[in-house]
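Notes follow the structure.
Every read-out reported here was derived from the displayed coordinates using simple, explicitly stated rules and does not represent laboratory data. Since we're looking at a predicted model, the values are computed, not measured. Virtual Cβ from ideal backbone geometry, glycine too; neighbours counted across all protein chains shown.
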Amino acid sequence: MEEKEQQPVDTEPALWKPPFFKSWAGMYWLVLGNLAFIIILFYIITKVYE
């Protein structure tokens, strides 16, 4: 069997910082805030249409 040369699947360099914030903590807070907003929004919608 002929052995193929191993190529990395992902050739893009790893991100050392998030794209919009100075640290990953800001990105985590954005995701958690978004999740809380969606939960509260759906809770209000279900109460209105009960």
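Taking 0.36 nm per residue of sequence separation and removing the Cα-Cα distance, the residue 21/residue 41 pair yields an extension gain of 4.6 nm.
Listed peptides 41-49, 20-28 appear in the order 20-28, 41-49 once ranked by packing, highest mean of other Cβ atoms within 10 Å at the front. Taking Cα atoms only, the orientation of helix 24-48 departs from the longest principal axis of the chain by about 40 degrees. Between residue 48 and residue 31, the contour length at 0.36 nm per residue exceeds the alpha carbon distance by 3.5 nm. Spread over its residues, the convex hull of the C-alpha atoms of the chain is 149 Å³ per residue.
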